[in-house]
Amino acid sequence: MTHPHPEPQADCRQPRLIRRPCRYLRLAWALFRYSLAREMMFKVNFLLWIVVEIAWFALQWALIEVLFHHVREIAGWNKYEMIILIGASQFIQQTFQLLFMINCIELPENVRTGKLDFCLLQPANSQFLATVRKFDIGSIANAGLGLAFVFYGVWKLGLQPSLAQILLFFFLSGNGVLIHYAVMLSIVTLSFWIVRAHGLVVGYYQLFQLTRIPREAFKGIIRIIFTFALPMLLVACCPAETLTRNLWNWNLLWITGLTLILLSLSAAWFRFALRFYTSASS
Amino acid sequence: MTSSSLQHPFLGKYLRVMSIGFQNTLVYRWNFLIRAFFGFLPLTCSFFLWNAFFGGDPDARIQGYAFSGMISYFLAMMLLDSLASPTEDDWQVAGEIRDGLISQFLLKPIDYLAYRFSLFLACRLVYTSTTILPALGMLFFLRQYLAFPEEPAVWLVTLPAVLLSAILQFLAAYCIALLAFWILEIGAPIFIIYSIELLAGGHVFPLDLLPGSLYRLLMWTPFAYEYWFPLGVFLGKFSQPEIWRGFILQITWIAIFYLLARWLWSRGIKHYSAVGG
């Protein structure tokens, strides 16, 4: 069957450096539309899962309300700074969930049952197909809820962030999403050796809790590990501090550098693990 | 488990189920160990968050709690979780209903509720025994913050409270899972109810940090008897009359959930279409 609208010729004349990302963006867009169509088949379920995320976020909010009912400051953060922190944490986690989460959760099961074959046989990057296949569309609403809490905190504190601060907030949030991705991918990649690795996914959720607490609260070796090795303490604290404390220093440089290192390491780890894939079903 | 106990005419079959439960759980021991390992992260978070809450001052007291009292609360919660909280039982029950696997239980002289309860007990015993060493390590590491009771009487009263909490948590999870007779995907309802249980049951913070009226209201709900009541008994938060009243309410809620479970099962079976065979 001939395609009525052939690919624009301009694409072919673009350099490879641009053509490749463009191809993957088009692929991601097609997969996004497919996910949307799937979600809309079960609308009630779709809405219920949004409620689930709201309920879990409400737990965090209730904790903040109860804590600040008794004290004025926790680790140098006041109530509305903490609300900005949990809002930023929610925004980042939900954006991660929108893009990568379901695929990472399904990876252990796909390895166990041999369904990963489908990702490996397609003419595209295996890591891309294994981790950017299904989009969790409902997360858009909950990422919005996180942002609303950030705005609420900023408004209550009477802050007037500059355009540069706002852009930096979104840049660092994007960075946080990529840190989540690198950490989660590294964890679930263990499933190439460990059968039925549902515990790995639960482990990620436990790690994620660290992002909602001010990094100043942590001390000693735990703070060092979760700042430099598994930088969960930077994921939401840095974007939040951009708004509340105008964070503009050398920290930014190494956070970005660290994210790139983690991404490269997790990709190398995934490629290494693929060698041990035995395709259980066939 | 001795072979003579397995041959007991009534208990035998449920002890056999427990034995299978042990073996099933141990097949995937890596999964188990990973869960146990990561299970300590929430405690680490609690430790640092509450330390910051008390301003790093070990003598500061807020609402009757010192930092050590708060850490004891969350350590005891960790032990209670491993002893009494269902992990995947609700998902498994819902899965068996959805996939039509319960048909076999309708044909056999085996009670499904008792069958699931045996599996729950086996899973809790394996989980507790695999986590006991790391848990003891954690208790040793944090021993300076421990404010566990010294009187044997308190431990004696705590024991039935924990056992009843396990039964209540199991029955609540079982009732929610039985909704699978009517709703195809019950993942979302499970999580919504679970989040309410955690908040209203005292899993996120001790319930007596709440304003008085809200606290009194929650003490009438089943949630308070899943986590807060056994922990409160253990840490000496209740007077003697309050403990008796608590036991009465805990048993009442168990009876209500038991009847609800039986009722949901009998209604659900009529609705059941044995998908897949």
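Here are some notes:
- Taking 7 Å steps out from each Cα toward its Cβ at B:GLN240 and B:TYR258 produces label points 2.8 nm apart.
- Taking θ as phi - 60° and the Karplus parameters 6.51, -1.76 and 1.60, the scalar couplings of the range A:151-158 work out to 4, 4, x, 4, 5, 5, 7, x Hz in sequence order, x denoting glycine and proline.
- Average Cα contact separation per residue, chain B, under 8 Å, 6 or more apart, as relative contact order %: 24 percent
- Under 17 Å from the A:ARG19 label point (7 Å along Cα→beta-carbon), backbone N, the range A:90-130: A:123-125
- Ordering of B:221-228, B:89-96 by burial proxy (mean other Cβ atoms within 10 Å per residue, highest first): B:221-228, B:89-96
- Value of [θ]222 nm, deg cm²/dmol, for chain B, DSSP H segments ≥ 4, -39500 (n - 2.57) each, nearest 500: -23000 deg cm²/dmol
- Residues whose amide H lies under 5 Å from that of A:GLY114, counting only those 5 or more places away or on a different chain, are A:ALA280, A:SER281; hydrogens are built 1.01 Å from N in the peptide plane.
- Estimated vicinal HN-Hα couplings, Hz - the range B:240-257 in sequence order (Karplus 6.51, -1.76, 1.60; Gly, Pro = x): 4, x, 5, 5, 4, 4, x, 4, 4, 5, 4, 5, 4, 5, 4, 4, 4, 5
- In plain terms, the bigger the Kirkwood radius, the slower the diffusion; for chain A, with that radius from Cα pairs, at 37 °C and 0.692 mPa s, Stokes-Einstein puts D at 160 µm²/s.
- Point-to-point label distance, A:ILE225-B:ARG61, nm (Cα→Cβ direction, 7 Å offset): 3.4 nm
- What the phi angles of the range A:29-44 give under the Karplus curve with 6.51, -1.76 and 1.60, with θ = phi - 60°, is a coupling list of 5, 5, 5, 4, 5, 5, 4, 4, 4, 4, 4, 6, 6, 10, 5, 5 Hz, glycine and proline written as x.
- With contacts taken as Cα pairs under 8 Å at a separation of at least 6 residues, the range A:12-274 carries a relative contact order of 25 percent.
- For A:ARG245 and A:ILE54, the FRET efficiency from 1/(1 + (r/R0)^6), where r spans their Cβ atoms and R0 equals 41 Å, is about 0.90.
- Long-range amide H partners of A:PHE135 with built H, under 5 Å: A:SER35
- Surrounding net charge for A:ASN125, when Lys and Arg each add one and Asp and Glu each subtract one, Cβ distance under 13 Å: +4
- For the residues A:GLY220, A:GLY144, A:GLY76, a GNM of chain A with alpha-carbon springs under 10 Å puts the largest fluctuation on A:GLY220.
- Residues A:ARG33 and A:ASP117, FRET efficiency given R0 of 25 Å [Cβ-Cβ distance, rounded to 0.05]: 0.55
- Partner lysines for A:LYS79 [C-alpha distance under 30 Å; skip if fewer than 8 residues away on the same chain]: A:LYS156, A:LYS219, B:LYS237
- Residue-count net charge about A:PHE100 - beta-carbon cut-off 10 Å; Lys, Arg +1, Asp, Glu -1: +1
- Separation of the A:ALA62 and B:LEU136 label points, Cα + 7 Å toward Cβ, nm: 3.6 nm
- Above-threshold pairs, the threshold being 22 Å between Cα atoms, out of B:LYS13/B:LYS108; B:LYS108/B:LYS270; A:LYS43/A:LYS115: A:LYS43/A:LYS115
- Cβ-Cβ FRET estimate between A:PHE42 and B:GLU88, R0 fixed at 30 Å, reported to 0.05: 0.85
- Neighbours of B:PRO86, meaning other residues whose beta-carbon lies under 13 angstrom from its beta-carbon, give a summed charge of -4 when Lys and Arg score +1 and Asp and Glu score -1.
- Using the alpha carbons alone, the radius of gyration of chain B stands to its Kirkwood radius in an Rg to Rh ratio of 0.99.
A short reminder: the numbers here are calculations on the coordinates, not readings from a lab. On a predicted model such as this, the values are computed, not experimentally measured, just so you know. Neighbour counts run over all protein chains shown; Cβ positions are idealised from the backbone, glycine included.
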